[in-house]
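Taken together, the values in this text are just the output of simple stated rules run on the coordinates, not laboratory data. Worth saying up front: this structure is predicted, and the values here are computed from it rather than measured. Reconstructed Cβ throughout: ideal geometry from the backbone, glycine too, with neighbour counts over all protein chains shown.
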Amino acid sequence: MKGLQPLRVEASISMKRRYILITSRLARPRSYNNRAMPDTPNDEKRNLVKNYVKAESMIQLAIALPAGCLIGWLAGAWLDGHFHQQWIAIVGVILGAAAGFLQFFRGASRYLNKDR
């Protein structure tokens, strides 16, 4: 078994403790410079993809509220121009903010439930 450290067990250690020492050392293969060997490339790629997915979901949460406000304002401004009013844009911003908060909380609860 290449890369395993030699076992050094003292004679005064009990048999149960020897077994624990031996199995713990065998479970952690070491490289020649006494550092832990990295995970397999597939595990590293899988962890990288998981981290990107988490980052994407966090970015999506950060964009939800401003995007809702912007879309509500644009729709309200268009309706203001169409109906010759001046208050519909404010209502659009408020409705957009509410929709942004709703999307934020849905995404956050989905993310928190996924970690459990």
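Quick look at the numbers
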read-out	value
Under Karplus coefficients 6.51, -1.76 and 1.60, residue-wise ³J(HN,Hα) of the range 88-102 in Hz, glycine/proline x	5, 5, 5, 5, x, 5, 5, 5, x, 5, 5, 5, x, 4, 4
Residue-wise HN-Hα coupling along the range 53-68, computed from phi with Karplus coefficients 6.51, -1.76, 1.60 (Hz; x: Gly, Pro)	5, 5, 5, 5, 5, 5, 5, 4, 5, 6, 8, 4, 5, x, 5, x
Spin-label zone in the range 77-93 - amide nitrogen under 16 Å from a point set 7 Å from the Cα of LEU102 along the C-beta vector	91-93
Potential extension, ASN42-ARG110 segment - 0.36 nm per residue separation minus Cα distance	21.8 nm
